[in-house]
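Taking it in order: structure first as structure tokens, then the write-up.
The values are calculated or read from the model by the stated rules, or taken from the named source; none is laboratory data. Treat the numbers as computed from the prediction; the structure is a model and nothing was measured. So basically every Cβ, Gly included, is an ideal-geometry build from the backbone, and we count neighbours across all protein chains shown. These accessible areas exclude ligands, DNA and RNA; they are computed on the full protein's heavy atoms, side chains included. Shrake-Rupley method; radii C 1.70, N 1.55, O 1.52, S 1.80 Å.
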Amino acid sequence: MVEMVRIIQIVEGNYRRIAHLILLVGLFERVWWLAVRAKDQYVGGEALNVAQSVARNGTIADAFEKGSGLTAHLPPVLVLYAGYVYRIFGMNSAVSDFILSSTAVITVLAAAYLLFLSFGHIGMTPIWRLAALAAFCLVPLFPQLEIVTFRIWEGGLASFVSALLLYCVTRPEQPGPQTIRSWVVSSLVGSFLFFLNPAAGLAGFAMLAVWLFRHRSIRAWPGYIAAGAVVLAVVLAPWTIRNYEAFGRFIPLRSNMGMELALANHPGAVSNRDEKAVMLERLREIHPQESQRAFDTMQAMGGERIYADKLGAEAKAWIAAHPTQFAALSLRHVVQFYFPPEWQWNIYVDFPTRTMKLKLMLVYLFSALGLLGALFGLVRWRGPYFYPAIMVLVPAVTYAVVQPVLRYHYLIHGITIFMAIEFVRRVVGLVLSRSRPAAQ
């Protein structure tokens, strides 16, 4: 027992060095995966199409195919970055892929380190924070996403910005005028997060609202809210103006919500058929990236905005006519968001069954314990634990009405690991505290 106490003291006395070592090992693991497994793997989908358009002529266009026109289908940040990397170093060249993969890996590891620091602000002890950091870094459950997909898709960057916002709202307050500057900085981070990923952004705004409620009087709220609104408007203005010029309408974020609603809410989705088969069939029916017929229909109608609006109107009409079925689908989507079923991991490519079962078991374990931690954070622990609890719970509200995919779950992957370890820490502490009197 004495030796164990001494080891714990040594670990806690050097926890920052150990954290840096864990991050370094996590980096080496992902570099090894990139060298051995990712050589022939490329990003697909609309993000790649737009990045190719940027590489060709600098335009944010052609989300579904060359010639499909200007797009507001996804946020422009990473596709612009990837497009110019491709333009300079070559499309899908080894150098381009290495640069983009390195950026993605550094982003997700930096997000993990910010979570590590943020939970220190909240009050989690160093040794348990190290356990959570090790679980994230040393057991990479989503290497395909972290190393390949997030070269262009925004999930890794959104996870980093989410963690940065948590760091901002949990750090100790500075006295005097620094507080309003901190609010502006936090609002800037939250607004950028909302621009990148609206679901995570809503969680970010909810965190800022809780911070305001906990730390400022009601009389101060209007000034803070006005400052946050100005920051949000400044962040969204360039993209909104560009979209108005391109499409003649107000589009502050994306133009694809109608298509996402239609993919998730339709008669086939409530059938008893295999969910993967239903999803693939629906994609081939209405998604221009998956179907030449859908692409031709979109072009004949006048482009992606009009096509997505039509699909959205059809989906809303079906929802209004089938509220009970819509509620059941929404509940299913929430469950899938936290516990992604096996078919979401292999929509197009099958993974080895043994590896898949192990990954599912670990992801479900972290999700279940993380959800328990989030619920206890709201109901019992409270205080600063409201913030990570919000990050875990609020995004599900948005993803309830669409069909979740694996990269949506990744937004909460890191935070659920830390909340899971915190829940275990509290259970262990409770058990030990109750066992001491009996031992005496």
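Inside the stretch 137-150, can you point out the residues that are in contact with a Leu (Cβ under 8 Å, 6 or more places away or on another chain) and either of a type in the set (Gly, Ala, Ser) or crowded, with 20+ Cβ neighbours inside 10 Å (or both)? Cys137, Phe142, Leu145, Ile147, Phe150, listed by residue number.
Residues checked against (1) touching a Phe, Trp or Tyr at 6+ places or on another chain (Cβ under 8 Å); (2) under 30 Å from Gly190 (Cα atoms); (3) open to solvent by less than 70 Å² (accessible area, probe 1.4 Å); (4) touching a residue at least 40 places away in the same chain (Cβ under 8 Å):
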residue	(1), (2), (3), (4)
Ser217	no, yes, yes, no
Ala229	no, yes, yes, no
Leu236	yes, yes, yes, yes
Arg273	no, no, no, no
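Taking the criterion of being surrounded by fewer than 24 Cβ atoms within 10 Å (Cβ to Cβ) and touching a Gly at 6+ places or on another chain (Cβ under 7 Å), the only residue of the stretch 421-438 that qualifies is Phe423. Annotation: of all residues in the stretch 84-98 being out of contact with any Ser or Thr (no Cβ under 7 Å at 6 or more places or on another chain) and assigned to a helix (DSSP H, G or I), the one that is least open to solvent (accessible area, probe 1.4 Å) is Ser96.
When you check Leu117 against the structure, is it open to solvent by 20 Å² or more (accessible area, probe 1.4 Å) and either part of a helix (DSSP H, G or I) or not hydroxyl-bearing (Ser, Thr, Tyr) (or both), yes or no? Yes. The helices (runs of 4 or more DSSP H) found wholly in the stretch 295-402 and carrying at least 3 residues that are surrounded by fewer than 21 Cβ atoms within 10 Å (Cβ to Cβ) and among the polar types (S, T, N, Q) occupy 323-338.
Within the stretch 32-46, is even one residue among the polar types (S, T, N, Q), surrounded by 13 or more Cβ atoms within 10 Å (Cβ to Cβ) and modelled with pLDDT of 80 or more? Among the residues of the stretch 32-46, not one is among the polar types (S, T, N, Q), surrounded by 13 or more Cβ atoms within 10 Å (Cβ to Cβ) and modelled with pLDDT of 80 or more, which makes the answer no. Consider the stretch 20-65 and keep the residues that are in a loop (DSSP other than H, G, I, E, B) and of a type in the set (D, E, K, R). The one that is farthest from Trp239 (Cα to Cα) is Arg37. Of the candidates Leu263, Leu253, the single residue that is of a type outside the set (Lys, Arg) and assigned to a helix (DSSP H, G or I) is Leu263.
Conditions (1) under 15 Å from Tyr387 (Cα atoms); (2) open to solvent by 50 Å² or more (accessible area, probe 1.4 Å), marked per residue:
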| site | (1), (2) |
| --- | --- |
| Thr170 | yes, no |
| Ser182 | no, no |
| Leu188 | no, yes |
| Ser191 | no, no |
| Ala206 | yes, no |
| Gly223 | no, no |
| Leu232 | no, no |
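When Ser101 is tested against the conditions (1) of a type outside the set (A, V, I, L, M, F, W, C); (2) under 29 Å from Tyr348 (Cα atoms); (3) more than 16 Å from the chain's Cα centre (by Cα); (4) open to solvent by 10 Å² or more (accessible area, probe 1.4 Å), the lone failure is (4). With respect to being among the hydroxyl-bearing types (Ser, Thr, Tyr), open to solvent by less than 20 Å² (accessible area, probe 1.4 Å) and at pLDDT 90 or above, Tyr408 falls outside the description. Under the condition of being in contact with a Leu (Cβ under 9 Å, 6 or more places away or on another chain), of a type in the set (Phe, Trp, Tyr) and within 25 Å of Pro172 (Cβ to Cβ), the residues counted in the stretch 205-254 number 3.
Exactly one residue out of Arg219, Arg181 is assigned to a helix (DSSP H, G or I) and over 30 Å from Thr240 (Cα atoms): that is Arg219.
Does Val235 satisfy being at pLDDT 95 or above and either over 22 Å from the mean Cα position of the chain (by Cα) or part of a helix (DSSP H, G or I) (or both)? Against the criterion (at pLDDT 95 or above and either over 22 Å from the mean Cα position of the chain (by Cα) or part of a helix (DSSP H, G or I) (or both)), Val235 qualifies.
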